[in-house]
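Comments concern the structure below.
The values are calculated or read from the model by the stated rules, or taken from the named source; none is laboratory data. Small disclaimer: the values here were computed from a predicted structure and weren't measured. Don't worry about glycine lacking a Cβ; one is built from the backbone with ideal geometry, like all the others, and counts go over all protein chains shown. Quick note on the areas: whole protein, heavy atoms, side chains included, nothing else; ligands and nucleic acids left out. Shrake-Rupley method; radii C 1.70, N 1.55, O 1.52, S 1.80 Å.
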Amino acid sequence: MSANNRSGTILIRENTLLPAGLAIESEVFLPGWRAVRNLDGYGLDRKIEQAKWNFFYLAGEIRATVLGRDRSKTLGRAVKRVLAKQPMQFNSLEITRVVSKRFLGIPFMSVAAHTRHIQQGICLVAAKSFALGMPASAMPESMPTSGGELRHAEVITKQYTVLISSS
């Protein structure tokens, strides 16, 4: 079993800003995502904390179940489904549970994960939601929107349930 086929694996979106001087070994997991090697969530959190950055852990488990015999391909499909279920576009994901079972002879895999996010500031803001680095108070109150999209001011001020492991 390779290092990225187990619980505790951290996936980081490619081109994610990381603290200067932070050396992390990683390998390609899915297109656009890299699996961190030799570190679990706790170890990576300590390295990020030493660099005076934050590694957020968002409450709420995301789960997916996929049928398949080939463990690595099935895991990849399950993680793709988990990523599709993320409520916002954050830059990390921690696989917390991988279970392979059979039902009536049909193999399936269940994957559970938690969204994580690496950033310098202490206020949780998804990179996609942050408009030009402007704080929420500087954003115009009424921005034109197209069908169902939230205004930037609404997105930036939306609250999330977060646990910070360094506290």
Q. Using heavy-atom solvent-accessible surface (probe 1.4 Å) with all chains present, what is the largest-first order of E94, E27?
A. E27, E94
Q) Stokes-Einstein at 4 °C, 1.567 mPa s, Kirkwood radius from Cα pairs: D for region 1-116 in µm² s⁻¹? A) 88
Q. Around W53, with a cut-off of 14 angstrom between Cβ atoms, what is the net charge of the other residues, counting Lys and Arg +1 and Asp and Glu -1?
A. +2
Q: Could you tell me the accessible area of R63 in Å² (1.4 Å probe, neighbours in place), rounded to the nearest ten?
A: 140
(Q) Using amide H atoms built in the peptide plane, which far-off residues or other-chain residues are under 5 Å from S26 H to H? (A) R37
Q. If ligands, DNA and RNA are left out, what is the accessible area of L18 with a 1.4 Å probe, given in Å² to the nearest 10?
A. 60
